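A short worksheet on the structure shown next.
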Amino acid sequence: MKGSGPAPDLFLCTHNSARSQMAEGFLRSMAGDRFYIASAGTEATGVHPLAVKTMAQVGVDLHGHASKTVGQFLEEPWDYVITVCDAANEACPVFPKKTTGTEDERLELFQPVRDQIKRRLSDWIIRVRPKEGPRPRQRAPRSRFLL
């Protein structure tokens, strides 16, 4: 990640299994040329199969994604650390909470979360890094906000 190029941004969640993976996939597909993107969790539990499936419904492939822990990124100079679950600062439950029902019924729980992540990322991209391309490399203060 060192050297010139897009400024680095990290999506952080507790398990790096769904929300942060979705956000990473969306940002790569929407503006990957303007961002260096990664996602991590306070622990790694694997990418949730329904996160992969719900993103495939909108043309974003998560098959190559892997769940990672934030520890492997501690030495990197992130411009933005974006939390995608309310308690990534503390601890959030596995997403989604244990649910019952068919896969289609459970998939319906992922879809509104996916759509909200896309809307919030679209707004954020416009504010932070407009289409002109990557900003010159400079050290900005770290920012944290809930996606």
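Here are some conditions: (1) modelled with pLDDT of 80 or more; (2) hydrophobic (A, V, I, L, M, F, W, C); (3) closer than 12 Å to ARG19 by Cα. TRP124 meets all but one. Which one does it not meet?
Every listed condition holds for TRP124 apart from (3).
Confirm whether GLY41 is at pLDDT 85 or above and touching a Cys at 6+ places or on another chain (Cβ under 9 Å).
yes
Is it the case, given these coordinates, that THR54 is modelled with pLDDT of 90 or more and out of contact with any helix residue (DSSP H, G or I) (no Cβ under 9 Å at 6 or more places or on another chain)?
Criteria not met by THR54.
Pull up region 58-69, narrow it to residues that are surrounded by 12 or more Cβ atoms within 10 Å (Cβ to Cβ) and within 17 Å of GLY46 (Cα to Cα), then point me to the one that is modelled with the lowest pLDDT.
THR69
Restricting to region 87-106, what's the tally of residues that are polar (S, T, N, Q), modelled with pLDDT under 85 and closer than 21 Å to VAL52 by Cα?
Number satisfying all stated conditions: 2.
Mind telling me which of the residues THR83, THR42 ends up being over 24 Å from ARG127 (Cα atoms), in contact (Cβ under 8 Å) with a residue 12 or more places away in the chain and among the β-branched types (Val, Ile, Thr)?
So the residue among THR83, THR42 that is over 24 Å from ARG127 (Cα atoms), in contact (Cβ under 8 Å) with a residue 12 or more places away in the chain and among the β-branched types (Val, Ile, Thr) is THR42.
Check region 70-86 and report whether any residue there is surrounded by 14 or more Cβ atoms within 10 Å (Cβ to Cβ) and at pLDDT 90 or above.
No; the residues of region 70-86 include none that is surrounded by 14 or more Cβ atoms within 10 Å (Cβ to Cβ) and at pLDDT 90 or above.
Out of all the residues in region 21-38, which are more than 17 Å from ASP123 (Cα to Cα) and modelled with pLDDT of 95 or more?
Correct list: GLN21 only.
Could you tell me how many of the residues in region 72-86 are under 16 Å from GLN21 (Cα atoms) and assigned to a loop (DSSP other than H, G, I, E, B)?
Result for region 72-86: 3.
Scan region 9-46 for residues that are surrounded by 22 or more Cβ atoms within 10 Å (Cβ to Cβ) and of a type in the set (Val, Ile, Thr) and jot them down.
Answer for region 9-46, where residues must be surrounded by 22 or more Cβ atoms within 10 Å (Cβ to Cβ) and of a type in the set (Val, Ile, Thr): just THR14.
The values are calculated or read from the model by the stated rules, or taken from the named source; none is laboratory data. If you're wondering where the values come from, they're calculated on a predicted model, not measured in any experiment. Quick reminder, even Gly has a Cβ in these numbers, built from the backbone with ideal geometry, and neighbours come from all protein chains shown.
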